[in-house]
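Encoded as structure tokens, the structure appears first; notes follow it.
The values are calculated or read from the model by the stated rules, or taken from the named source; none is laboratory data. Please read all numbers here as calculations on a predicted model, not as lab measurements. FYI the Cβ positions are ideal-geometry reconstructions off the backbone, even for glycines, and counts take in every protein chain you see.
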Amino acid sequence: MDLQPILDGIADKIGPHLSEGRVADYIPALARVEREQFGMAVITCKGETAQTGAADTVFSIQSISKVFTLTMALGKIGNDLWERVGREPSGSAFNSIIQLEREHGIPRNPLINAGAIVVTDVILSNRADPGGRGSGEAGIDAIREILDFMRSTAHDETIAIDREVAESEAAHGFRNASLANFMKSFGNMENSVERALRVYFHQCAIAMSCKQLARAGLFLAADGRDPISGKRIVTPSRARRINAIMLTCGHYDASGDFAFKVGLPGKSGVGGGILCIVPDIAALAVWSPGLNKNGNSHAGTLALEMLARETGWSIF
Ligand code: GLN
């Protein structure tokens, strides 16, 4: 299939929709991102690539990081993770606290904020020290390990954290602090709330382009093994399960709607990015900062809907 004309056609058609969403405004560093931007990149399991628009522009990956930290935490403690976080769609906003009380501090799934903070806590408690570069400070080491994982899956050492976004997340992170404190009160946090949040805010502040994200996610399209380098990242059954969680939980309370419209495992972030996996075929990422009411990229979702229609890539 010739992907380039399909992507260019989508970029043409998406223009009028770029001004329809609202840029995330909970922190100044995201609020000032220009809304009318669009990029998309696809990489297939055979290594073919296609891209359109601002596919090389880096943006804040935000919650898309949750897929990668989930992968890391499963690698560290395996199925024990499921004692501390569920695998059901929440049907609530990404930062909702309501279910946490009813469900005794066990978040519904690892792709909402509360679940991702537990996952971060697991990474902190079980952090490795790659190459013996440990700083002696747990938070710094965990942040470095997460960044190293993103760089190695994307095969790009230039990937970095946007410090301003990280600091501003911390300065405005009252809701995330309450989620973490709540879980701590139920005994579902091993590290201090401050330390876990520090790591969580830094993982959200990783800046990547569509092209880098699609490359980083490619192992999930190929049974857990990077089809280009041949390196195994996770087992086939784990890759299948991470994809299942992306499909059912990757778009918060719009996960059902995304499955209905696009039909692919996907994970969105409030920076306007969406990572999508086409099992056995490709990984792709789209970015447009205007968000819909659920905090998912408005034009990005529309673009993926067009792509799924034109390629027949829906898994259904
Ligand atoms: N940094 C954001 C937060 O924690 C991430 C949320 C998101 O991308 N949906 O609120």
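In segment 1-31, what residues are free of Cβ contacts under 8 Å to residues at least 24 places away in the same chain and not in a loop (DSSP other than H, G, I, E, B)?
5, 12, 15, 16, 31
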message: I want to confirm something. Restricting to segment 52-63 and keeping residues that are aliphatic (A, V, I, L, M) and more than 19 Å from residue 247 (Cα to Cα), which single residue is surrounded by the most Cβ atoms within 10 Å (Cβ to Cβ)?
response: 55
- request: Provide a single number: the residues in segment 145-175 that are touching a residue at least 40 places away in the same chain (Cβ under 8 Å) and either on the phi > 0 side of the Ramachandran plot or assigned to a helix (DSSP H, G or I) (or both).
  value: 15
- prompt: Condition test on residue 143, is it within 16 Å of the ligand (Cβ to nearest atom), at pLDDT 95 or above and farther than 20 Å from residue 250 by Cα?
  reply: yes
- line: If we ask which residues in segment 237-281 are at positive phi and buried (at least 24 other Cβ atoms within 10 Å of the Cβ), their number turns out to be 2
- request: Specify which of the listed residues (207, 196) is modelled with pLDDT of 95 or more, at negative phi, within 16 Å of the ligand (Cβ to nearest atom) and not in a helix (DSSP H, G or I).
  value: 207
- line: Per the filter on segment 37-58, residues outside any loop (DSSP other than H, G, I, E, B) and farther than 20 Å from residue 158 by Cβ are 40, 42, 44, 50, 52, 53
- request: Might you check whether a residue that is within 17 Å of the chain's Cα centre (by Cα) and charged (D, E, K, R) occurs anywhere in segment 159-181?
  value: yes
- prompt: Here are some residues: 34, 88. Which one is over 21 Å from residue 254 (Cβ atoms) and in a loop (DSSP other than H, G, I, E, B)?
  reply: 34
- prompt: Do any residues in segment 191-220 that are within 11 Å of residue 61 (Cβ to Cβ) have Cβ atoms under 7 Å from those of residues that are charged (D, E, K, R) and more than 16 Å from the ligand (Cβ to nearest atom), where the two are at least six apart or on different chains, and which pairs are they?
  reply: 209/56; 212/156
- line: Per the filter on segment 177-193, residues within 15 Å of the ligand (Cβ to nearest atom) and buried (at least 23 other Cβ atoms within 10 Å of the Cβ) are 179, 180, 183
message: I'm trying to understand the selection: among the residues of segment 29-51, which are in contact with a helix residue (DSSP H, G or I) (Cβ under 6 Å, 6 or more places away or on another chain) and exposed (fewer than 14 other Cβ atoms within 10 Å of the Cβ)?
response: none
query: Are any residues in segment 59-85 more than 12 Å from the ligand (Cβ to nearest atom), in contact (Cβ under 8 Å) with a residue 12 or more places away in the chain, outside any loop (DSSP other than H, G, I, E, B) and not hydroxyl-bearing (Ser, Thr, Tyr), and if so, which ones?
result: 68, 70, 72, 73, 74, 75, 76, 77, 81
- request: Hey, could you check segment 86-102 for residues that are touching a residue at least 40 places away in the same chain (Cβ under 8 Å) and polar (S, T, N, Q) and say which is nearest to residue 190 (Cα to Cα)?
  value: 95
query: Looking at (1) charged (D, E, K, R); (2) under 17 Å from the mean Cα position of the chain (by Cα); (3) surrounded by fewer than 23 Cβ atoms within 10 Å (Cβ to Cβ), can you tell me which one residue 66 breaks?
result: (3)
query: So, of the residues in segment 122-151 that are under 17 Å from the mean Cα position of the chain (by Cα) and charged (D, E, K, R), which turns out to be surrounded by the most Cβ atoms within 10 Å (Cβ to Cβ)?
result: 145
